[in-house]
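The values are calculated or read from the model by the stated rules, or taken from the named source; none is laboratory data. Just so it is clear, the model here is predicted, and its values are computed rather than measured. Neighbour counts are summed over all protein chains in view; Cβ atoms, including those assigned to glycine, are modelled from backbone coordinates with ideal geometry. Remember, those area values only see protein heavy atoms, side chains included, never the ligands or the DNA or RNA. Shrake-Rupley method; radii C 1.70, N 1.55, O 1.52, S 1.80 Å.
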Amino acid sequence: MLVFDQVGYYYRRDQEVLKDVSFAIEKGEFISIVGGNGSGKSTLAKLMNGLLPAKKGSVRLGEKTMSDPKQARGIRQAVGLVFQNPEDQFITTNVTDEIIFGLENIAVPANEIGERVRSALQAVGLESYANSAPHELSGGQKQRAAVAAVIAMQPQFIVFDEATSMLDPEGRSELIKLMRDFHQQGITVVQITHHMDEVLASRRVLLLDQGTLVFDGSPDSFFRETPLEQYGLEQPFAVRIGQLLGWTGETAADWKGRVASQWSIG
Ligand SMILES: Nc1ncnc2c1ncn2[C@@H]1O[C@H](COP(=O)(O)OP(=O)(O)OP(=O)(O)O)[C@@H](O)[C@H]1O
Ligand SMILES: [Mg+2]
């Protein structure tokens, strides 16, 4: 379980970016984090794996706490991050080296590396691009290479910080499919997104507003009860139609299914 206990963060002392944020994520969850621009989502993501240290409160993973540097290393390894811009994430000169770089960083024994690289490439469908340089890959492929580097570290959690937002529809749906695959394999998935239809795929939503956690619950109650416009967000297409048609017993996800089957959209 990943626990945020009254966590606060600021970049500049006079501007709090996260305020008293508390929640716990159980192993195996699929969570969306949403909120307007500048609400603190990316900062939260970086606190989840210790890329940034909490200024107040504590971040813990199981028995490990971020405030102990030795334990923090374990957390960093257990929580993988995938960012928005695939261009920013490539450090080395080809896909295989990119994966190896991460593994060497966490001191994976040399005799395990080959197998980890092979299975990570397979997980993201980039086997035939093992030796490709970044400029030889599409945006979606680069993003999948970044995901391969994360998955090779065998994380318990993966946080996708608007990882689909720079991809075309095909790249986006491939990445979403990967998130679902990983979730099915038991990895806890946290997706930060501006796409409200992506939220319908998760089981739980956290809403940040100016650094404060203002909602934590199911997508269904989120879309029914939260004044989304107030937070700079829109209802998903399927939910808007459901509301127009006066939905009653169905959940938001049911509505998505009904709308999708009616008009053959995903
Ligand atoms: N490196 C930094 N130095 C100073 N301030 C920062 C830094 N990074 C973010 N901030 C500020 O912290 C606040 C939260 O930023 P953050 O990137 O976490 O928001 P976000 O919810 O991810 O926004 P977006 O939807 O635009 O990605 C913003 O006011 C931002 O300007
Ligand atoms: Mg962000």
message = Restricting to region 5-15, give me the number of residues that are closer than 14 Å to residue 53 by Cα and among the acidic types (Asp, Glu).
response = 1
message = Anything in region 46-101 that is more than 16 Å from ligand 1 (Cβ to nearest atom), in contact (Cβ under 8 Å) with a residue 60 or more places away in the chain and among the β-branched types (Val, Ile, Thr)? List them, or say none.
response = 79
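Scan region 41-88 residue by residue and report those that are among the hydroxyl-bearing types (Ser, Thr, Tyr), away from ligand 2 (no atom under 16 Å from the Cβ) and open to solvent by 40 Å² or more (accessible area, probe 1.4 Å). If you could, list the steps in order and put the result at the bottom.
As a first pass, look at region 41-88 and keep what is among the hydroxyl-bearing types (Ser, Thr, Tyr): 42-43, 58, 65, 67.
Narrowing the set further to residues that are away from ligand 2 (no atom under 16 Å from the Cβ) leaves 58, 65, 67.
Residue satisfying the conditions is 67 alone.
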query = So which of 164, 193, 188 is touching an Asp or Glu at 6+ places or on another chain (Cβ under 9 Å), within 21 Å of residue 46 (Cα to Cα) and without any contact (Cβ under 8 Å) to a residue 40 or more places away in the chain?
reply = 164
ask   = Hey, does region 165-173 have a residue that's within 16 Å of ligand 1 (Cβ to nearest atom) and either more than 29 Å from residue 202 (Cβ to Cβ) or not hydrophobic (A, V, I, L, M, F, W, C) (or both)?
value = yes
query = Does region 129-138 include one or more residues that are closer than 20 Å to residue 3 by Cα and either within 16 Å of ligand 2 (Cβ to nearest atom) or of a type in the set (D, E, K, R) (or both)?
reply = no
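A quick yes/no check of all residues on (1) among the basic types (Lys, Arg); (2) open to solvent by less than 20 Å² (accessible area, probe 1.4 Å); (3) modelled with pLDDT under 90:
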site: 146; (1), (2), (3): no, yes, no
site: 188; (1), (2), (3): no, yes, no
site: 214; (1), (2), (3): no, no, no
site: 221; (1), (2), (3): no, no, yes
site: 243; (1), (2), (3): no, no, yes
site: 253; (1), (2), (3): no, no, yes
